[in-house]
Amino acid sequence: MATTPIRRWRRMTAIALAPMLAAAAVAASPAFAADDDTSDATLVVGKVGLNDIPHLNPLDSGWVVQGEINHLMYDPLIRWSQEDFTPAPGLAEDWEVSDDGLTWTYHLNPDATWSDGEPVTAQDVVFTIDLMQTNDILNSRHGGLVDQMTSVEALDDHTVEITTDEPSAIMNHLNGLMPMPEHVWSEIDDPGEYTGEPGQPTSGAFQLTEYSPGERVVLTANENYWDEPVAYDELVFQSFETTEAAVQALQQGEIDFLDNLNPEQASALESNEDVTVSIQPSRHLENISFNTGARTKDGEEFGDGHPALTDPVVRQAIHHVIDKEQLVDIILDGNGTPGVSWVAPIFSEHFWDPGDERFEVSAERGNELLDEAGYDERTDDGIRIDPESGEPLNFRLQYHSDRPAYADIVDFLVDWIGELDIAVEPTPMETVPLNEELDAGNYDISTGGWNYGPDPSEDLAYLTCDRLPDEPEPTDLTFDFYCNEEVDALWEQQLRATDSEERAEAVKELQQIVYRDSPQIILYYDHAIEAYSNDWTGFGMLPESGGTIARQQGDYGYTQAVPADMAEDAAAGDGSADDGDDTAAASDDDGSNTGLIVAIVVVALIVIGGAIWLVRRRATAHERE
Amino acid sequence: MGKLSTTQASVSPPGGGIGAGDGNGNDLDGDTPPRPERSAARRELWRYLAGRISGAAVSMILVLFSAFFIFRIIGGDPVRAIGGDSPMTPEQRAEIEERLGLNEPMAVQFWEYVKDLFTLDWGESYVSSAQVTDLMWDRLPNTLLLTGTALILAAGLGIWIGARAGWKQGSFFEKSQVGISLTLWSAPTFWLGMIVIIVFSVELGMFPVNGMRSTRGVADGFWPEALDVAHHLVLPAVTMAAVIYAQYVLIMRSSILEERNNDYLTVARAKGLRDAVVRRRHAVPNAMLPTVTLIALQFGAIFNGALLTETIFSWPGLGLLFYQAIKIPDIPLLQLLFIFFAGTTILANLLVDILYRFLDPRVRRSA
């Protein structure tokens, strides 16, 4: 196998070219970095679940992500205040209600304009409410709000008068009422089918520039925004299939902000000095829930829940053995607050603090309760027996297998509840089949999680008797088939309270009853973990004192963000805050010059390939037939 | 079997022309079969084609029927998924159910489905209410780019390595290359994808993590955009090729092994050709046949996308579309994609069967 001269030549060329190629690639990166022409400051937000949203119709919005995007483009009549979730001016700068609590007068901000320069008028509001009342699709979203309005009138360009058939608390909280521009929307054939068109005039801080379903949403800042224009040019929501991939993109500088992280991802990011991790209270809670007896409104029973769980005493006894503090420490690593009832503490106006009524963690107290209530007989295995049905207290505990935290929680629960001489059989299940079983009432105890919204009417409605099904059929509209007339009365009271304090009282009292009754046990309110690139600063939390940046019912999170170097300039009193080149640097330093590297590599490969082929041809010419 | 060379097989059957009454005695060398023989062969060809095509049609009909049921059996609640993650009232639920036609009995839904099949109306996506065909055509080019690139890479690399490995059986090259390709073949795609991302994107920062375009955009114009896509294409294409190229290595290797000791190669060597030339010009072309089949079969697969690869790299192709749809489940979209995937595969199989008949005379003889 002697090496021919030609083969040696070829090998040497290859050896010589390889490092040259690598060198070219390396040299290219700094050389072309400055050339990269994306001169606008762009905040790139990574979103897992962006592809869940069906469209960008602001009036037909059912997703948290969609809500975030809506708030960036359209201002509501009334915002949630960033301080404490109380009503704050939006497009309406103030409003009042008549003494009978039925007639509301809203005064629009005369400075408010659409992004095309037209003023936002009372007629726009009337037009939008009319759409929500008459369009089937839009009405199915907003019926709860607008169907109670018996008359909606524009008194002048900036005053709207709305009359409701009964007093209504929500009229103080019109965060869900985003007017659309009549001068454009009246020309849309079917506003129910509107899917989001680039360039539509908006009343908010941004306008839509691109919507690629399942890929990304690009918003451009509205320079003439009537309220407070943002400090950058463009906001991109980039879709990711998994949070893992998004974490890597954040580390690599492809995105600037990411929410919904788990503790492992947070600790991976904490070691990155270019990234800030923000761990703050959220509106999310985890709970266990008891099948309080699946039945219809008429009392026809269905499902296969354990009869003993319809007895509040059994649920209260279990409440006594659950050490929520320990769960927060161990499961959440301290990043959470022990649970009380459905309203999370960030909603300070409505949060109910149990004080002395808190269930003391005491197996002794739990056992006492059970003994007193007649659960004193035991099976041969030492399990208590339900005196009424004669069945041993042997509960199934179905939990979501795709949430790792649940498996850990369940281990604790089995031990703790065991101290009451109650047996618990844990069964992990996939979310979809598990939810089907829950809806059909085929469970005893289950795990669950919930994002409590700021408006109590919607979420607490799940605890009212009205949500029991008419027929013995599965339903996801009730929390564990719970029904209590006192709760119903308080829910109705808060729904009709036009005075905020009165409403808060009713909401708190309702929670107190539910806490005592324990149809669910709220384990904890977990903190949200979010992370952002240090190229950015100033993200607005809701509430300000400590809350999330993403998933708000408002636009504070992203609109208050500022490119870090611009913030520095401002701090240094430079004043040249709108210097375009400066802001560009914020997002550009990890820009993609790499495309050029690839180009060079590709071209080099072709050249080398061609050269080798030529050499080979010549080398083998004498051998060819 | 492997000894049957092309030349041997294409010789007409001895005596084939003798019994034919129309023989005019012109074909002295017996190479040209007389006419009746030819028309018999043609009839036989048509019979063969008809058999294959009707087989494919039966498969296709089964696919069309199962597409309706398969996605309804897997369960899931599209209404819940479409309504959003905020609380949904009974009115909303009812409205969505009616809009999607889910409140109709199953038999009515099936009847609607069959009717729509005949009018080629594939319906609207539950989620975006766009025509599902539009969604599919939008994503198809992206998938073709990824899978096409990966297939070319895999086939090129696999054939090259396989030929060398088979030629030098027992060598270090053979053992190591077969080992490497089999290891990659057995690696789960999602695992390999994650490793590739961690090493090349996160640690080395050479390639982007996600998607097909830069999140911050690039300069306008064809070249910057094309380069941006190419840059995003590297990792998914390489990952996908790494997983599948082993098939080509193994098939090429074993068919080269069969050819290796054939007389015609001895002849070629006796002509004084270099070993590499003997392999490249004589052995490889004869050993290509099974590989061609594999490529043709995979040709169907390039339409199917690469569900796992596309999902890991968020490559906006058909695989990712399917993955996104199945989470809902978006039944009209799933039906269309399922039928499209199955249809292209059936078609590719059919084409292979037909092509094979022309490529490999042995099939013609045995049919």
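Read-outs throughout are calculated quantities, based only on the coordinates presented, and are distinct from any laboratory measurement. Values in this document were obtained by computation on a predicted structure and should not be read as measured data. Cβ sites come from the backbone with ideal geometry, for glycine too, and all protein chains shown count toward neighbours.
Quick check: residue separation of A:Asn451 and A:Asp116 times 0.36 nm, minus the Cα distance between them. What number comes out in nm?
117.0 nm
Among all the lysines, which ones have a C-alpha under 22 Å from B:Lys327's C-alpha, if same-chain residues fewer than 8 places away are not counted?
A:Lys47
With axes computed from alpha carbons, what is the tilt in degrees of helix A:122-134 against the longest principal axis of chain A, rounded to the nearest 10 within 0 to 90?
Here the helix axis deviates by roughly 70 degrees.
What's the angle, to the nearest 10 degrees (0 to 90), between helix A:312-321's Cα axis and the longest principal axis of chain A?
50 degrees
At 222 nm, what helix-only mean residue ellipticity would the protein assembly as shown give, in deg cm²/dmol to the nearest 500, using -39500 (n - 2.57) for each DSSP H run of four or more? Let's see the in-between values first.
Details: 34 runs with 471 residues, N = 992.
Taking each H run of at least 4 residues, the total per residue is -15500 deg cm²/dmol.
If R0 is 41 Å, what FRET efficiency do you get for B:Leu157 and B:Ser59 from their C-beta distance, rounded to 0.05?
Details: r = 32 Å, r/R0 = 0.78.
Result of the calculation: an efficiency of 0.80.
With θ taken as phi - 60° and the coefficients 6.51, -1.76 and 1.60, list the Karplus ³J(HN,Hα) couplings across region A:185-194 in order, rounded to whole Hz; mark glycine and proline as x.
So the J values, rounded to whole Hz, are 6, 5, 9, 7, 4, 10, x, x, 9, 4.
Please compute, over every Cα-Cα pair in region B:58-190, the percentage with a separation greater than 25 angstrom. It would help to have the intermediate numbers written out before the result.
Values: 4886 of 8778 pairs.
Of the Cα pairs, 56 percent sit more than 25 Å apart.
Return the ratio Rg/(2.2 N^0.38 Å) for region B:134-366, where Rg is computed over Cα atoms only. Spell out each step's value before the answer.
Details: Rg = 20.5 Å, N = 233, 2.2 N^0.38 = 17.5 Å.
Scaled against compact globular proteins, the figure is 1.17.
Can you give the translational diffusion coefficient of region B:244-362 in µm²/s, computed by Stokes-Einstein from the Kirkwood radius over Cα pairs at 37 °C and 0.692 mPa s? Before the final figure, lay out the partial values.
Values: Rh = 17.1 Å.
Here the translational diffusion coefficient equals 192 µm²/s.
I'd like to know which of A:Ile331, B:Pro141, A:Asn435 lies farthest towards the positive end of the charge dipole of the protein assembly as shown, counting +1 on Cβ of Lys and Arg and -1 on Cβ of Asp and Glu.
After comparing all options, I get B:Pro141.
Could you work out, residue by residue across A:210-216, how many beta carbons of other chains sit within 10 Å of that residue's beta carbon, and then give the average as an integer? Don't skip to the end; give the middle numbers.
On the way: counts 1, 0, 3, 9, 11, 6, 4.
Rounded to a whole number, the mean comes out at 5.
Can you spot the lysines whose alpha carbon is less than 26 Å from A:Lys324's alpha carbon? Ignore those fewer than 8 places along the same chain.
A:Lys508
Rounded to the nearest 20 Debye, what is the dipole magnitude of region B:134-366 about its Cα centre when Lys and Arg each give +1 and Asp and Glu each give -1 at the C-beta?
Details: 19 positive and 15 negative charges, 242 e Å.
The calculation lands at about 1160 debye.
Each label point is 7 Å from the Cα along the Cα-to-Cβ direction; what then is the distance between the points at B:Ala50 and B:Ala94, in nm?
Computed distance between label sites B:Ala50 and B:Ala94 equals 5.8 nm.
Rounded to the nearest 20 debye, what is the charge dipole size of region B:41-119 about its Cα centre when +1 sits on each Lys and Arg Cβ and -1 on each Asp and Glu Cβ?
On the way: 9 positive and 10 negative charges, 176 e Å.
Approximately 840 debye in magnitude.
Which of A:Lys297, B:Lys115 comes first, and how do the rest follow, when ranked by fewest Cβ neighbours within 10 Å?
Working: A:Lys297 13, B:Lys115 10.
So the ranking, lowest neighbour count to highest, is B:Lys115, A:Lys297.
How do B:Arg213, A:Arg283, B:Arg43, B:Arg281 line up, fewest other C-beta atoms within 10 Å first?
Ordered from fewest to most neighbouring Cβ atoms within 10 Å, B:Arg213, A:Arg283, B:Arg43, B:Arg281 come out as B:Arg43, B:Arg281, B:Arg213, A:Arg283.
Taking the simple approach of a point 7 Å from Cα along Cα-to-Cβ for both A:Glu187 and A:Glu166, what is their distance in nm?
4.3 nm
Over the whole of A:244-252, what's the average partner chain Cβ count within 10 Å per residue? Rounded to a whole number, please. Kindly include the intermediate steps, with their values, before the conclusion.
On the way: counts 5, 11, 3, 2, 9, 9, 1, 5, 9.
Shielding by partners across A:244-252 averages 6.
Cα atoms only: what Rg and Dmax, in Å, come out for the protein assembly as shown?
34.8, 117
Report ³J(HN,Hα) in whole Hz for each residue of region A:492-503, in order, from the Karplus equation J = 6.51 cos²θ - 1.76 cosθ + 1.60 where θ = phi - 60°; Gly and Pro get x.
Values, residue by residue: 4, 5, 5, 5, 9, 6, 7, 9, 4, 5, 4, 4 Hz.
Starting from the Cα of B:Lys271, draw a straight line to each of the aspartates and glutamates and keep only those under 16 Å, dropping any in the same chain fewer than 8 residues away.
Within the straight-line limit of under 16 Å, B:Lys271 reaches these aspartates and glutamates: A:Glu623, A:Glu625, B:Asp263.
What does the extension gain come out to for A:Glu430 and A:Asp408, with contour length at 0.36 nm per residue minus their alpha carbon separation? Before the final figure, lay out the partial values.
Values: separation 22, 0.36 × 22 = 7.92 nm, distance 1.62 nm.
Residue separation times 0.36 nm, minus the Cα-Cα distance, leaves 6.3 nm.
Please give the FRET efficiency for B:Ala301 paired with B:Arg269, using the beta carbon to beta carbon distance and R0 = 41 Å, rounded to the nearest 0.05.
Values: r = 38 Å, r/R0 = 0.93.
Taking R0 as 41 Å, the efficiency between B:Ala301 and B:Arg269 is 0.60.
What angle, in degrees between 0 and 90 and rounded to the nearest 10, separates the Cα long axis of helix B:284-304 from the longest principal axis of the Cα atoms of chain B?
Between helix and principal axis, roughly 20 degrees.
Can you work out the FRET efficiency for the pair A:Asp323 and A:Asp488, with r the C-beta to C-beta distance and R0 = 41 Å, to the nearest 0.05? Working shown, then result.
On the way: r = 32 Å, r/R0 = 0.78.
It comes out at approximately 0.80.
Per-residue mean of other chain beta-carbon atoms within 10 angstrom of the beta-carbon, peptide A:191-201? Mind dumping the intermediate values first?
On the way: counts 0, 3, 1, 0, 3, 0, 0, 0, 0, 0, 0.
Across A:191-201, the average partner-chain Cβ count within 10 Å equals 1.
Quote the convex hull volume per residue of region A:77-206, based on C-alpha atoms, as a whole number of Å³. Show your work: numbers first, answer last.
Values: hull volume 14.8 nm³, N = 130.
Roughly 114 Å³ of hull volume per residue.
Where does each of A:Asp353, A:Asp380 land when they are ranked from fewest to most other beta-carbon atoms within 10 angstrom?
Details: A:Asp353 11, A:Asp380 6.
By the 10 Å Cβ count, ascending: A:Asp380, A:Asp353.
In nm, to one decimal, how far is the modelled label at A:Cys465 from the one at A:Asp156, with both set 7 Å along Cα→Cβ?
For A:Cys465 paired with A:Asp156, the spin-label model returns 5.0 nm.
How large is ³J(HN,Hα), in whole Hz, for each residue of region A:420-433 in order, when computed from phi with the Karplus curve 6.51 cos²θ - 1.76 cosθ + 1.60 and θ = phi - 60°, using x for Gly and Pro?
For region A:420-433, the Karplus-derived couplings read 8, 6, 10, 8, 10, 10, x, 10, x, 9, 5, 4, 5, x Hz, x marking Gly and Pro.
Figure the gain on full extension for A:Asp333 and A:Gln133 (residue separation times 0.36 nm, minus the Cα-Cα span) and round it to one decimal in nm. All intermediate terms of the calculation are to be shown ahead of the outcome.
Details: separation 200, 0.36 × 200 = 72.00 nm, distance 4.75 nm.
Stretched fully, the A:Asp333-A:Gln133 segment lengthens by 67.2 nm.
Hey, for a label at A:Glu502 modelled as a point 7 Å past Cα toward Cβ, could you say which residues of region A:161-176 have their backbone N under 16 Å away?
Residues A:164-173 qualify, since their backbone N sits under 16 Å from the label point.
Using a simple charge model, +1 on the beta-carbon of Lys and Arg, -1 on the beta-carbon of Asp and Glu, nothing else, what dipole does chain A show about its Cα centre, in debye to the nearest 20?
Working: 29 positive and 125 negative charges, 878 e Å.
Dipole magnitude for chain A comes out near 4220 debye.
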